[in-house]
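Worksheet: the structure to be examined is printed underneath.
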Amino acid sequence: MRLGISGTYSSGKTFTSMALSHYTGLPRTKARTMREILPEAAPGKTLEECTAAELIQMIVTRHVERAVYEARLADGFVSDGSSLQEWIYGSVRVSLGLNPTASAHLEDGETVEKTAELAFFEDVMTNLGNSFKKHVKGSFDAFVHLKNELPLSADGHRPVNDQFRRLSDTILQQTMDELHIPFHVVSGAVEERLEQIAMLFGLEAKMSPAEATRLAAEEYAQLDVRSEKERVLA
């Protein structure tokens with residue numbers, strides 16, 4: 001089973017994928033986050049300060065890292081999102097601007113003025129989307145989608161707001177329909193999510209949901225959540 005855990009920002013994808021890996025024994029794919037890639041892609045900058053070209057570099061880098069791990073685990077894996085996440089991240093920044101924080105005042109459906117840089121960025125993202133969709137269609141058997149049940153993480157270093165999150169979620173679900181990949185929505189606490197997912201796909205539990213959640217909490221606590229500039233200083 002090649003299973004992706006999808007959802008928008010702060011939906012619990014990372015923690016759920018960790019817990020599900022412990023719960024079922026499916027190995028978990030890995031790829032650096034945009035925040036981890038940023039210091040080498042655009043040293044000294046935050047995500048809000050990046051140009052379109054720098055964002056494209058990071059989106060492609062993360063896609064490549066995902067693809068490498070997916071190929072290594074071709075017999076089965078659980079993935080924290082997919083390359084669609086990166087493509088959608090770029091696509092939404094076309095609508096809400098390279099710095100979405102500056103357009104947080106826009107109403108749903110409104111977009112920023114399309115500059116020459118944004119027009120270039122849109123063209124690139126449209127074409128990357130064709131490639132990324134083909135890759136995901138051939139690399140995943142199914143997706144589990146997490147509802148937006150949690151508040152947006154106030155970590156202070158992601159140019160994402162609730163409008164960004166809603167638009168991302170809409171595009172993601174439309175894309176799943178377009179690709180005809182089996183797509184199941186789950187909700188509830190992590191332990192409830194684990195039981196729902198195992199039931200959906202007939203996955204055997206290797207431990208209790210509580211134990212899988214405890215192990216995931218220990219693993220999650222080891223993540224480097226420093227901001228971009230803190231990484232550079234380190």
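The values are calculated or read from the model by the stated rules, or taken from the named source; none is laboratory data. The model shown is predicted, which means the values in this text are computed figures rather than measured ones. For neighbour counting, all protein chains shown are included, and Cβ atoms are generated from backbone atoms with ideal geometry for every residue, glycine included.
Some observations on this one:
- Test: residue in the range 188-201 that is modelled with pLDDT under 95 and outside any helix (DSSP H, G or I): yes
- Of all residues making up the range 32-68, the number that are in contact (Cβ under 8 Å) with a residue 60 or more places away in the chain, out of contact with any His (no Cβ under 7 Å at 6 or more places or on another chain) and among the aliphatic types (A, V, I, L, M): 7
- Of the residues in the range 105-125, not one is at pLDDT 75 or above and in contact with an Asp or Glu (Cβ under 7 Å, 6 or more places away or on another chain).
- Taken over the range 69-92, residues that are farther than 20 Å from residue 25 by Cα and either in contact (Cβ under 8 Å) with a residue 60 or more places away in the chain or surrounded by fewer than 17 Cβ atoms within 10 Å (Cβ to Cβ) (or both) amount to 6.
- Once the range 1-43 is narrowed to residues that are of a type in the set (D, E, K, R) and either under 12 Å from the mean Cα position of the chain (by Cα) or at pLDDT below 95 (or both), the residue that is nearest to residue 220 (Cα to Cα) is 13.
- Where a residue in the range 118-140 is over 16 Å from residue 178 (Cβ atoms) and its partner, wherever it lies, is among the basic types (Lys, Arg) and in a helix (DSSP H, G or I), with Cβ under 8 Å and at least six apart: 121/93
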